[in-house]
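The values are calculated or read from the model by the stated rules, or taken from the named source; none is laboratory data. Given the structure is predicted, the values throughout are model-derived calculations rather than measurements. Don't worry about glycine lacking a Cβ; one is built from the backbone with ideal geometry, like all the others, and counts go over all protein chains shown.
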Amino acid sequence: MSISHRIHKQICIFTIGDNLTKDYASTAERYIDDVLDDESISRIVVNCEKVTFLDSSGLGVIIGILNTLQERQGKLALCECIDSVDEIFRLAKLTDVLSIFTTEAEALEAI
């Protein structure tokens with residue numbers, strides 16, 4: 001699993017480089033949790049450009065980020081989701097609580 005992060009104007013941007021499934025969810029979660037140990041991080045963009053599938057474990061990773069940020073009164077935005085991944089968020093009824101943007105630039109501007 002490939003996951004990385006960078007900071008841009010006080011916003012943490014995670015780039016997920018593979019499908020977010022049970023095989024990789026725990027690795028992604030550990031990486032993200034290590035980054036989120038810095039309690040000053042309250043705005044996150046998750047770039048899903050290379051994610052073609054996510055399962056319930058992957059949804060759990062995204063919800064975990066959302067829960068952490070809600071405790072910090074922060075914001076989460078997802079971007080670059082292909083249609084099938086976007087549809088998974090819709091089917092899971094998460095589009096009401098997740099902000100999903102077409103491009104990373106739009107996500108950065110929104111949060």
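Within segment 84-105, is there a residue that is in a helix (DSSP H, G or I), touching a residue at least 40 places away in the same chain (Cβ under 8 Å) and not hydrophobic (A, V, I, L, M, F, W, C)? Looking for residues that are in a helix (DSSP H, G or I), touching a residue at least 40 places away in the same chain (Cβ under 8 Å) and not hydrophobic (A, V, I, L, M, F, W, C), one finds at least one in segment 84-105, hence yes.
A search for C-beta distances below 8 Å between a residue of segment 4-33 that is surrounded by fewer than 13 Cβ atoms within 10 Å (Cβ to Cβ) and any residue that is assigned to a strand (DSSP E or B) and not hydrophobic (A, V, I, L, M, F, W, C), counting only pairs 6+ apart in sequence or on different chains, returns 4/15; 6/15; 10/43. Within segment 39-52, does at least one residue satisfy the condition of being over 21 Å from residue 109 (Cβ atoms), in contact with a Cys (Cβ under 8 Å, 6 or more places away or on another chain) and of a type in the set (Val, Ile, Thr)? Yes, the conditions are met somewhere in segment 39-52.
Among the residues of segment 39-50, those identified as surrounded by fewer than 16 Cβ atoms within 10 Å (Cβ to Cβ) and either under 18 Å from residue 101 (Cα atoms) or in contact with a strand residue (DSSP E or B) (Cβ under 8 Å, 6 or more places away or on another chain) (or both) are 49, 50. When every residue of segment 34-42 is checked against the conditions, at least one turns out to be outside any loop (DSSP other than H, G, I, E, B) and in contact (Cβ under 8 Å) with a residue 12 or more places away in the chain. Considering only residues that are more than 13 Å from the chain's Cα centre (by Cα) and either among the hydrophobic types (A, V, I, L, M, F, W, C) or more than 13 Å from residue 20 (Cα to Cα) (or both), look in segment 51-73 and name the one that is surrounded by the fewest Cβ atoms within 10 Å (Cβ to Cβ). The residue in question is 73. Within segment 86-111, being hydrophobic (A, V, I, L, M, F, W, C), over 18 Å from residue 15 (Cα atoms) and out of contact with any Leu (no Cβ under 8 Å at 6 or more places or on another chain) holds for one residue alone: 91. Scanning segment 90-109 for residues that are exposed (fewer than 13 other Cβ atoms within 10 Å of the Cβ) and small (Gly, Ala, Ser) gives a single hit, 105. Residues in segment 56-71: is at least one farther than 19 Å from residue 107 by Cα and either part of a loop (DSSP other than H, G, I, E, B) or in contact with a Pro (Cβ under 6 Å, 6 or more places away or on another chain) (or both)? So far as segment 56-71 goes, no, none of its residues is farther than 19 Å from residue 107 by Cα and either part of a loop (DSSP other than H, G, I, E, B) or in contact with a Pro (Cβ under 6 Å, 6 or more places away or on another chain) (or both). Evaluation of residue 61 against the conditions (1) at pLDDT 95 or above; (2) among the aliphatic types (A, V, I, L, M); (3) over 17 Å from residue 4 (Cα atoms) shows that the sole unmet condition is (3).
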